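No lab work stands behind these numbers, since they all come straight from the coordinates. Not measured: the values here are computed from a predicted model. Here the Cβ is made from the backbone with ideal geometry for all residues, glycine too, and neighbour counts use every protein chain on show.
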Amino acid sequence: MEIVKILLKQLLQTPATNKFPAKYAPKSTIKFLDRIKKGELKLTPPIAVPPRFRGKISYNREKCTGCQLCLKVCPTKAIEFIPEEKKVKIFVARCCFCAQCVDICPVDALAMTDEFMLSSYDKYADELVVTK
Amino acid sequence: MDWSSNSYSLTTVAIVVGSIILALLGAFFGLLYRGIDRKLAAHMQGRIGPPIIQPFRDIRKLLAKESIIPDGGLSWLFQACPFICLVVSILLLTYIPVFGQRALLEGYGDLVLILYLLIIPSLALVVGGFASSSPFATVGAQREMVIMMSYEFPLAVAIIAIAWRISHVTDINPFIFSTVAQYPIWNQVGPVGVIGSLALLFTLLVVTPGEVAKVPFDIAEAETEIAGGLLVEYSGRNLALFYLADTIRAFVMVSLVVALFFPYNLSPVIGIGATAPAVIVDSLFFLLKVFLVMFISVILIRTAMARFKISQASYIYIIAMTLIGLVGLILIHVDMIV
Amino acid sequence: MKNEEMETTYTIPVGPIHPALKEPIRLDLKVDGERIVDVDVVVGQVHRGIEWLGMNRNNPIQNIYLAERVCGICNISHPFAYVMAVEHAAGISPPERAEYIRAITAEMERIHSHLLWAGVAAHEIGFESVFYLVWRVREKIMDLIEYVTGNRVTKAMFQIGGVRRDITEEQFPRIRKTLDYYKSIFDQLKTVFLDDRTIRMRAKNVGVLKREDALKLLAVGPTARASGVAKDVRQDQAYSAYADLDIKAVTPDILTGSIVGDVYDRIIVRLLEIKQSMEIIERCLEEMPPGAILAEPKMAKVLNTLKKAEGEGVGRHEAPRGEVIHYVRLEAGRETLATWKIRAPTYVNLMSIPTILKGGQIADVPIAFASIDPCISCTNRAMVVDRKTNEKSIMTYEELHQLCVEKTRRLSNGLVK
């Protein structure tokens, strides 16, 4: 049978699993992360993302003219306008990574980076509110 | 304790101590082999899989969880069934020769008793399923009953065929394991009989996944169809006992196949006479034999096939496997005449 | 005597949460032993109010991303049909290169969706090894999708008037490499699925949908094609780049010569469609015309045009599961859509479920249900909750019909000036 041949062949090959972040789940995640910070353990890196990957948004404050076009097209209302300064604030916790704001900005003040490890306990934490 | 006499009796202390040691060894190796099974199956499917000690962690985790008893079920029966299942699975270990030694309670029970005792863990699962008051468990219990009735036939045919052949060679009771060990089936038959014995071995290898409820015969616990089937309402300590009993049953069934068809020991072959090294060498050889049989009949079959429907599984056992077993029996008979 | 007619059936609920279902839906099976006597389908557990949002909160460009999230696997089909509907209503026509890019991404989604389905179907019958094998193979197309569109799942390629990203010449070799990989393993996949004894035992003559029933119950997509109804929107009313390619609907008699309409035939249809999609992508890559990718590159202008536009439009697309229709009505001076109606293919295919399941065994339910490729997230139904009394009631057919008639009257009144 075809499947038996495939199975026996796969028994001798390396598994297809990407071992990010570690081969087996650690007994205590917090201790694991601490040891990584101290440098005792190394995190298996994730697979590299391709170019033009839509990750966390980056905002160039100087270029922004305050035209509010990005607010109009954001499907999730993740962008907030600050009227006093005529600049915007972007809440990554609401962002759906569609990059429509990037397309519509007339001065190219917005761009998508390749950061995707964005979890946090607080959705208004500093890493998740992009102001500059 | 005199290992060499044919009719021996043990003191009560010896029985109790031996049973405790066997229970611990059975649990340890049952869980270890389950871990090896998962690791090998994972590598065959191209993934890493859990570490080999994962079943031990599973038992520890289950014992720490709450045991929920469904409202509509019969509470005493619901909690008694896992105990019965575990106790009888361990009991089976005392009657089957493991680790290359004689069975602990050899003088007290033989193959016929094993045939009857093998029914009880499955029956405990069925009764536990019915006592769960859930439609999924009812369907699962019905299916398990049908499977149980189906595989008894080829199992009986295979065992009786071997015992019948041995009875023509010696006067000692052929159902006792030490007789089977003294007169292995392969040494008693000519070439035609070898084909017959292979047919019987094939029958037993197909009965094994049905007995221990693994794909393609895990119909009673089908995950995707009836959401866990028999065991759907079990949790916590009760589920831990069923899980442990399941792993021990797998070990027991494969040991039975090894005891019937490959009762050879390594130490006489390589000439180790002293007791302690012989025990170690025999135990390791036994574990290797169990691993090989488990690989073919449980692990490989489990990963290479889809699950059968109950009508198909019951047809396979009652008609196809029984026919093959009977063909094996006839070939052995023909070999004897010729 | 009444004793013989004793009630021997009991009801097994499958869902809303069940390992056989990937999305919440409730099937109440009345069984007698192992045989299924009756089936009742209850949907509505994933109702998210998408059409309401589209009509009351979002402007048409935001709606593209809302339509994308109607379903995770059909996330090109819904925006495709929606964008076609809006363009039809507003009178915008996208350039040719955009049409080709749209067709390429739609076919990539079809390959991905069918591979995902194949793995899920294998899992339903307990064949874990094939599930892992097919999903391992699926990773390659996901990597390709990530390379071309920027994300593995929500592709965000569509824009009103064209597409957002170009597929440049540098990306062609990578696309061709993935297609070659799939070509090399296609025969192995076909053997694993179609020649395996246990899959045949579980899939042949199971969940049969005869041709008359498929026509009567209005099945669409591979479900209908496997029963012999050769319906395919790309063939019957070709749109976009498909009008240049000659697409023929795939029916199982291409491979086996006969049509039974069981689960096995549906596996055949979907596997052959993967091959067809690969060929379509190759042809599109070769014949892609140069040019712009957007009819109007400045999005602000597009928003203005849509605000002033007036009219209704219908967009139809052959999603991996069948025909998806979006109906859109625009009103001058209104930022949001005036009307938006989505008719997902699974909505229609669900009607065939009682016919497929009746008379079978319980063991057949997961695979037969999965064989219509249900995407319950695309389906929704009306359930009335009276806020004052907190009462729930399901609308009957007559009430629904009445509401439907009233809505048509409202719509036609709005159009007639």
(message) Give me the extension gain from A:Ala111 to A:Lys77: residue separation times 0.36 nm, minus the current Cα-Cα distance, reported in nm with one decimal.
(response) 10.5 nm
(request) Calculate the dipole size of the protein assembly as shown relative to its Cα centre from +1 charges on Lys and Arg beta carbons and -1 charges on Asp and Glu beta carbons; express the result in debye to the nearest 20. (result) 2520
(message) Below 13 Å, Cα to Cα, which aspartates and glutamates can C:Lys177 reach? Residues fewer than 8 away in the same chain don't count.
(response) C:Asp143, C:Glu282
(request) Just add up the charged neighbours of B:Gly193: K/R +1, D/E -1, any other residue whose Cβ is under 12 Å from the Cβ of B:Gly193. (result) 0
(request) May I ask for the net charge around A:Glu40, where only other residues with Cβ less than 14 Å from the Cβ of A:Glu40 are counted and Lys, Arg are +1 while Asp, Glu are -1? (result) +4
(request) Give the residue from C:Ile101, C:Asn205, C:Leu133 lying farthest towards the positive end of the charge dipole for region C:97-210; charges sit on Cβ (+1 for Lys and Arg, -1 for Asp and Glu) and the dipole is referred to the Cα centre. (result) C:Asn205
(message) Please compute the modelled spin-label separation between C:Asp143 and C:Glu310, points set 7 Å along Cα→Cβ, answer in nm with one decimal.
(response) 5.4
(request) Return the subset of C:Lys216/C:Lys275; C:Lys183/C:Lys231; A:Lys9/C:Lys190; C:Lys190/C:Lys216; C:Lys183/C:Lys248; A:Lys56/C:Lys298 for which the Cα-Cα distance in this structure is over 22 Å, preserving the input order. (result) C:Lys216/C:Lys275; C:Lys183/C:Lys231; C:Lys190/C:Lys216; A:Lys56/C:Lys298
(request) Could you quote the convex hull projected area for region C:172-306, Cα atoms only and averaged over all directions, in nm²? (result) 11.6
(message) Taking each residue in C:91-101, count the Cβ atoms of any other chain within 10 Å of its Cβ, then average. What number comes out?
(response) 0
(message) I'd like the FRET efficiency for C:Glu287 and B:Phe28, computed as 1/(1 + (r/R0)^6) with the beta carbon distance as r and R0 of 56 Å, rounded to 0.05.
(response) 0.25
(message) Can you compute the modelled spin-label distance between A:Tyr124 and B:Val17, with each label point 7 Å from Cα toward Cβ, in nm?
(response) 7.1
(message) How shielded is B:117-123 by partner chains, expressed as the average number of their Cβ atoms within 10 Å of its Cβ atoms?
(response) 0
(message) What's the magnitude of the charge dipole for region C:1-127 around its Cα centre, counting Lys and Arg as +1 and Asp and Glu as -1 at the beta-carbon? Answer in Debye, nearest 20.
(response) 540
(request) Order these peptides, C:367-377, B:168-178, C:18-28, A:8-18, by their mean beta-carbon neighbour count within 10 angstrom, highest first. (result) C:367-377, C:18-28, B:168-178, A:8-18
(message) Using Cα-Cα distances under 8 Å and only pairs 6 or more residues apart, what relative contact order does region B:8-337 have, in percent?
(response) 28
(request) Extending each Cα 7 Å along its Cβ direction at B:Ile319 and C:Asp213, get the distance between those two points in nm, one decimal. (result) 2.5
(request) Over region A:1-129, calculate the relative contact order: mean separation of alpha carbon pairs under 8 Å at least 6 apart, over the residue count, as a percent. (result) 24
(request) Would you kindly compute the Cα radius of gyration of chain C and its largest Cα-Cα separation (Dmax), both in Å? (result) 22.4, 80
(message) Please compute, for peptide C:195-203, the average count of beta-carbon atoms on other protein chains lying within 10 Å of each residue's beta-carbon.
(response) 5
(request) Which order do the peptides B:197-203, C:350-356, C:266-272 take when ranked by the mean count of other beta-carbon atoms within 10 Å per residue, highest first? (result) C:266-272, B:197-203, C:350-356
(message) Using Cα-Cα distances under 8 Å and only pairs 6 or more residues apart, what relative contact order does region B:15-127 have, in percent?
(response) 26
(request) Name the residues whose placed amide hydrogens come within less than 5 Å of the amide hydrogen of C:His317, ignoring near sequence neighbours (fewer than 5 apart) on the same chain. (result) C:Val324
(request) Taking chain B as the reference, fit the longest principal axis to its C-alpha atoms, fit the long axis of helix B:54-64 to the helix C-alpha atoms, and give the angle between the two in degrees, 0 to 90, nearest 10. (result) 50
(request) Restrict the search to region C:284-372; then list the trypsin sites (Lys or Arg not before Pro) that DSSP places in a loop and that have at most 16 other Cβ atoms within 10 Å of their Cβ. (result) C:Lys298, C:Arg334, C:Lys358
(request) Would you mind checking the tilt of helix B:322-337 against the longest principal axis of the Cα atoms of chain B, expressed as 0 to 90 degrees and rounded to 10? (result) 10
(message) Let me see the P(r) profile for region C:107-207: every Cα-Cα distance counted, bins of 5 Å, each bin given as a percent of all pairs.
(response) 2, 11, 20, 21, 15, 12, 8, 6, 4, 1
(request) For region B:213-332, just say rounded, prolate or oblate: build the C-alpha gyration tensor, square-root its eigenvalues into a ≥ b ≥ c, call rounded for a/c under 1.5, and beyond that prolate if a/b exceeds b/c, oblate if not. (result) oblate
(request) Positive end of the charge dipole of region B:133-247 (Lys, Arg +1 and Asp, Glu -1 on Cβ, about the Cα centre): tell me which of B:Ile160, B:Tyr234, B:Gly140 has its Cα farthest that way. (result) B:Ile160
(message) Compute the helix-to-body angle for A:29-38: its Cα long axis versus the longest principal axis of chain A, expressed 0 to 90° and rounded to tens.
(response) 80
(message) Taking the beta-carbon count within 10 Å as an exposure proxy, list B:Tyr108, C:Tyr65 from fewest neighbours to most.
(response) B:Tyr108, C:Tyr65
(request) Can you tell me the FRET efficiency between A:Lys27 and B:Ile119 if r is taken as the Cβ-Cβ distance and R0 is 35 Å, rounded to the nearest 0.05? (result) 0.30
(request) Quick one: divide the alpha-carbon radius of gyration of region B:8-337 by 2.2 N^0.38 Å and tell me what you get. (result) 1.00
(request) Quick one: plug the Kirkwood hydrodynamic radius of the protein assembly as shown (C-alpha pairs) into Stokes-Einstein at 25 °C, 0.890 mPa s, and report D in µm²/s. (result) 78
(message) In whole Hz and in residue order, list the ³J(HN,Hα) couplings for region A:103-119 that follow from phi through the Karplus curve 6.51 cos²θ - 1.76 cosθ + 1.60, θ = phi - 60°; x for Gly and Pro.
(response) 5, 8, 5, x, 10, 6, 8, 10, 8, 9, 8, 10, 7, 10, 8, 10, 6
(request) Sort C:Cys284, A:Cys67, C:Cys74 so the one with the fewest other Cβ atoms within 10 Å of its own Cβ comes first. (result) A:Cys67, C:Cys284, C:Cys74
(request) Among B:His43, C:His78, rank each residue by its count of other Cβ atoms within 10 Å, from fewest to most, as a rough exposure measure. (result) B:His43, C:His78
